[in-house]
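Chemist: Mind looking over this structure? Questions follow.
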Amino acid sequence: MHKTIINERSWVEIDLSALRHNLSVLKRYLVSGQQFMMIVKADAYGHGALEISRTALAEGAAYLGVANPEEGRLLRLQGISTPVLVLSPSLTSEIGTIIANDLSVSVSNPDFAIALNKAAAKAGKKVLIHLKADTGMHRSGMDWQDFQELWQQAAKLKNLEVEGVFSHYAASESDAEFSRLQQQRFNQLVDSLPQKPRFIHIANSNAVVHGLGHCGNLVRLGILAYGVDTENCLIYRERQIKAEEEDSTSSLQPSDPPAPQNSRTPELLTPVMTFKTTLSQIKSIRKGESVGYNRSWIAPEDGLYGILPIGYADGYDFLLSNCGLVRLKDQLCKVIGRISMDMICIDLSALESPKVGDVAILLGGSDPETRAENLVANFGGNPYELLCQVGRRAKRFYFREGHLLHSVPLSRRDFVPDDFSDSKLNQVIEAALAQRLQSGEIGELIYREILRNFFYNKDKDIHYRQAFRHEIAFSDSLKAGYYKATTTLQYRKVLSSDYFIVACADSAEVLQRYFRRPDVEYRWLMDEAIELDANSFVVSKVMVNNLLLNTRISHNNGCVEINCAHPELARLLGKSVDITINTHTLYPKNSHQFSVFISELTRGVDITFRYPPELGRVDCVPVFSGQNKYPTVSHEDCCARVFSRSEEWIFPISGVVFAY
């Protein structure tokens, strides 16, 4: 239990400690050497695939199972690198997603395998596949009697690797005889293979606890791990094991050693999901009056009933009308009348002093009657369906050991940028900024002006430049193999210090330190073959507005630092100033490229590269991140220029490569 107060119309609580408990219970049934795959398809049966995956992996999961490539792709975008198997048959149109996201995929069709192999070869990759056999469920999979043909064809495809062979039980929880037949067929199929793949699996959760999973080295844990015991199979299996042990004890002869004392006791699985809401209204009703649409419930006597602000649109199944049970103030209250789209009514007659705002448990919790498998038993429903549809309009709140970790919306998928068009993405970014800052005006300002005024007012360590102009001119030098490089850098910014540094190093590693310093305005990487000193890199002029700054040279850990300062700079602090930095140095002819980097947030860029005629045409490769990824590129005689409009913002890590 937790004491966190949640102020929501309805919400879903996911107890990750319960998941860990359930996995520990189920892992007791695994035999030596077996690993498990956590099934997280359908957003982990409505629980949230990312958090469930992370917890399962921490508990030793070797694989994750999803229904389709898009579910696997989302896990990859969320940072999951563990092997992910697409369990359902994939379409040829999904092959690109499979390859791009390094997904393993089930294969039961030779034509699909050929198409997948062709695409993998074109991409220069090898795709892991698990061949699926139909041993009697008669859904997907190659018929077990024809499986050898599928194996032989797949084994010939050089860009596919048969990592696994698997099948699926049709009724492991309810038909032991047919399940044993499927197991026999699967074993026969595996024994006939010329070589064993890395993974062999047929058992799901129910099969594991019924002792039907011992023939493979991988099992697939699904519904039971979420704390839903669909056929009371766990209790049944524990009782069966206990009976077998008792039979073994009773058959011992007096001379036999005593059997070990049975320490196994049935341990119930804990529901991971709890669906909650609050009592929104309390009303009186007279005998003979009806509740809800079509008057399907008539009050047998005078009493009280309550309104809960959720309905079938929230995933509380319509078929629970007049038969569902809700836990309120440690009492079970019956759902009365037909469930509406947005409301349900419950009988409050047996409760003492119900209050508006009381928390109601609709699904899960400690009461057996509100477990998913027991709720759907009231109308012959499916607990899988109930879990997947619950909480369509509710946030999920994740807990571990009673502590709230975080919350996420359920009805909206995680943000994936390339799902949106450029215009829609612009709207999303602007709306997100406005929501985060609780101000539409500020959000619009930041989006349009890229933080110009906002960050200056809030954080003096955030810098930006305007009217950025950088001219580089190559000409002949007296040193063989090198051009003389003359540079002029001009821009406008708010002055935050009464000095700044120009840095030059012959090591990228050393120079990298100066990219993190806010007092460094210019950086140059010198060729390692040139001795680094005041003669090889010269700062010829530094100006702030009309002030000619004084320069002082020093060496510091493999870098030449030119300190630029002036007594009058103190009066310009906090004001926008024009800065000019002129340098000349040497640049190797055999480099064949010259790069300019934008190291700060910048508005308006104009970069010009002038070069000797002997270089011919110079190619420009701009890499811009900002309002416009494609700046204007122009070529004139011995001059290449890259520029943006003066009002356009360019983010750091942008730049231009001039290749010659």
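The values are calculated or read from the model by the stated rules, or taken from the named source; none is laboratory data. Not measured: the values here are computed from a predicted model. Neighbour counts run over all protein chains shown; Cβ positions are idealised from the backbone, glycine included.
Chemist: If we keep just the residues of segment 373-401 that are farther than 17 Å from Ile339 by Cα and basic (Lys, Arg), which is surrounded by the most Cβ atoms within 10 Å (Cβ to Cβ)?
Modeler: Arg396
Chemist: Something else about it: Quick check on my filter: what residues within segment 157-175 are free of Cβ contacts under 8 Å to residues at least 40 places away in the same chain and assigned to a loop (DSSP other than H, G, I, E, B)?
Modeler: If we filter segment 157-175 for residues that are free of Cβ contacts under 8 Å to residues at least 40 places away in the same chain, which is where we start, we get 161-162, 165, 167-168, 170-171, 175.
Scanning segment 157-175 gives Ser167, His168, Ala170, Ala171, Asp175.
Chemist: Further question on the same structure: In segment 275-307, how many are of a type in the set (A, V, I, L, M), without any contact (Cβ under 8 Å) to a residue 60 or more places away in the chain and either closer than 26 Å to Ser10 by Cα or not assigned by TED's automatic domain parsing to the domain that holds Leu387 (or both)?
Modeler: Of segment 275-307, the ones of a type in the set (A, V, I, L, M) are 279, 282, 285, 291, 298-299, 304, 307.
Subsequent filtering for residues that are without any contact (Cβ under 8 Å) to a residue 60 or more places away in the chain retains 285, 291, 298-299, 304, 307.
Those still in the list that are either closer than 26 Å to Ser10 by Cα or not assigned by TED's automatic domain parsing to the domain that holds Leu387 (or both) too: 285, 291, 304, 307.
Qualifying residue count for the region: 4.
Chemist: May I ask you to verify whether Gln627 is closer than 23 Å to Ser536 by Cβ and among the polar types (S, T, N, Q)? I'd like the intermediate steps shown before the answer.
Modeler: Values: closer than 23 Å to Ser536 by Cβ: no; among the polar types (S, T, N, Q): yes.
Spelling it out, it is not the case that Gln627 is closer than 23 Å to Ser536 by Cβ and among the polar types (S, T, N, Q).
Chemist: A further question on this structure: Would it be correct to say that Leu116 is in contact (Cβ under 8 Å) with a residue 12 or more places away in the chain and over 17 Å from Gly65 (Cβ atoms)? Please lay out each step first, then the result.
Modeler: Details: in contact (Cβ under 8 Å) with a residue 12 or more places away in the chain: yes; over 17 Å from Gly65 (Cβ atoms): yes.
For Leu116, the condition - in contact (Cβ under 8 Å) with a residue 12 or more places away in the chain and over 17 Å from Gly65 (Cβ atoms) - is met.
Chemist: Now for a separate question. Report, by residue number, each residue of segment 132-158 that is closer than 16 Å to Ser90 by Cβ and either of a type in the set (A, V, I, L, M, F, W, C) or in contact with a helix residue (DSSP H, G or I) (Cβ under 7 Å, 6 or more places away or on another chain) (or both). It would help to see each step written out before you state the result.
Modeler: Restricting attention to segment 132-158, the residues satisfying the condition of being closer than 16 Å to Ser90 by Cβ are 132, 139-142, 150, 154, 157.
Correct list: Met142, Leu150, Ala154, Leu157.
Chemist: Turning to a different aspect of this structure: Looking only at residues that are buried (at least 22 other Cβ atoms within 10 Å of the Cβ) and out of contact with any Lys or Arg (no Cβ under 6 Å at 6 or more places or on another chain) in segment 306-319, which one is farthest from Arg371 (Cα to Cα)?
Modeler: Selected residue: Gly306.
Residue-wise test of (1) surrounded by fewer than 19 Cβ atoms within 10 Å (Cβ to Cβ); (2) outside the structural domain of Phe468 (by TED's automatic domain parsing); (3) modelled with pLDDT under 95.
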{"residue": "Val520", "(1), (2), (3)": "yes, no, yes"}
{"residue": "Val542", "(1), (2), (3)": "no, no, no"}
{"residue": "Asn556", "(1), (2), (3)": "yes, no, yes"}
{"residue": "Glu561", "(1), (2), (3)": "yes, no, yes"}
{"residue": "Asp578", "(1), (2), (3)": "yes, no, no"}
{"residue": "Lys589", "(1), (2), (3)": "yes, no, yes"}
{"residue": "Gln593", "(1), (2), (3)": "yes, no, yes"}
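Chemist: Take Leu87 and decide whether it is under 22 Å from Gln35 (Cα atoms), crowded, with 22+ Cβ neighbours inside 10 Å and more than 19 Å from the chain's Cα centre (by Cα). Full working, then the answer.
Modeler: Values: under 22 Å from Gln35 (Cα atoms): yes; crowded, with 22+ Cβ neighbours inside 10 Å: yes; more than 19 Å from the chain's Cα centre (by Cα): yes.
In short, yes.
Chemist: Now, a different point. Might you let me know whether segment 163-175 holds any residue that is at pLDDT 95 or above, surrounded by fewer than 20 Cβ atoms within 10 Å (Cβ to Cβ) and of a type in the set (Asp, Glu)?
Modeler: yes
Chemist: Out of all the residues in segment 633-643, is one or more loosely packed, with under 15 Cβ neighbours inside 10 Å, over 15 Å from Gln490 (Cα atoms) and touching a Gly at 6+ places or on another chain (Cβ under 7 Å)?
Modeler: no
Chemist: Using the structure shown, decide if Ser53 is without any contact (Cβ under 8 Å) to a residue 40 or more places away in the chain, in contact with a helix residue (DSSP H, G or I) (Cβ under 8 Å, 6 or more places away or on another chain) and assigned to a helix (DSSP H, G or I). Give the steps one after another, and end with the answer.
Modeler: Numbers: without any contact (Cβ under 8 Å) to a residue 40 or more places away in the chain: yes; in contact with a helix residue (DSSP H, G or I) (Cβ under 8 Å, 6 or more places away or on another chain): yes; assigned to a helix (DSSP H, G or I): yes.
Yes.
Chemist: Let me ask another. Give me a count of the residues in segment 282-302 that are surrounded by 11 or more Cβ atoms within 10 Å (Cβ to Cβ) and assigned to a helix (DSSP H, G or I).
Modeler: Matching residues across segment 282-302 total 2.
Chemist: Within the bounds of segment 23-46, is there any residue that is in a strand (DSSP E or B), surrounded by fewer than 21 Cβ atoms within 10 Å (Cβ to Cβ) and either of a type outside the set (Asp, Glu) or not assigned by TED's automatic domain parsing to the domain that holds Thr97 (or both)? Please lay out each step first, then the result.
Modeler: Of all residues in segment 23-46, those in a strand (DSSP E or B) come to 35-39.
In the following step, the residues that additionally are surrounded by fewer than 21 Cβ atoms within 10 Å (Cβ to Cβ) were identified as 35.
Checking the rest, the ones that are also either of a type outside the set (Asp, Glu) or not assigned by TED's automatic domain parsing to the domain that holds Thr97 (or both) come to 35.
Yes, segment 23-46 contains a residue that is in a strand (DSSP E or B), surrounded by fewer than 21 Cβ atoms within 10 Å (Cβ to Cβ) and either of a type outside the set (Asp, Glu) or not assigned by TED's automatic domain parsing to the domain that holds Thr97 (or both).
Chemist: Among the residues of segment 116-131, what is the count of those that are in contact with a helix residue (DSSP H, G or I) (Cβ under 9 Å, 6 or more places away or on another chain) and under 18 Å from Tyr63 (Cβ atoms)?
Modeler: 4
Chemist: Do any strands (runs of 3 or more DSSP E) lying entirely in segment 498-578 carry at least 2 residues that are over 23 Å from Thr602 (Cβ atoms), and which ones are they?
Modeler: Numbers: elements: 499-505, 520-525, 537-544, 550-555, 559-565.
Counting at least 2 such residues, we get 537-544, 550-555, 559-565.
Chemist: Give segment 425-453 a look and list any residue that's more than 21 Å from the chain's Cα centre (by Cα), at pLDDT below 75 and closer than 29 Å to Arg76 by Cα, or say none.
Modeler: Across segment 425-453, the qualifying residues are Asn426, Gln427, Tyr447.
Chemist: Enumerate the pairs (first residue in segment 612-639 and under 18 Å from Thr486 (Cα atoms); second residue anywhere and assigned to a strand (DSSP E or B) and among the small types (Gly, Ala, Ser)) with beta-carbon separation below 8 Å, excluding pairs fewer than 6 apart on the same chain, so at least 6 apart or on different chains.
Modeler: Pro612/Ser475; Val618/Ala640; Val618/Ala659
Chemist: Also, quick follow-up: Can you find even one residue in segment 47-58 that is out of contact with any strand residue (DSSP E or B) (no Cβ under 7 Å at 6 or more places or on another chain), farther than 26 Å from Glu385 by Cβ and of a type in the set (Lys, Arg)?
Modeler: no
Chemist: Another question about this same structure. Please indicate, with yes or no, whether at least one residue in segment 537-550 is at negative phi and touching a Lys or Arg at 6+ places or on another chain (Cβ under 8 Å). Write out each step before concluding.
Modeler: Applying the first criterion (at negative phi) to segment 537-550 yields 537-544, 546-550.
Those still in the list that are touching a Lys or Arg at 6+ places or on another chain (Cβ under 8 Å) too: 548.
Checked segment 537-550: at least one residue is at negative phi and touching a Lys or Arg at 6+ places or on another chain (Cβ under 8 Å).
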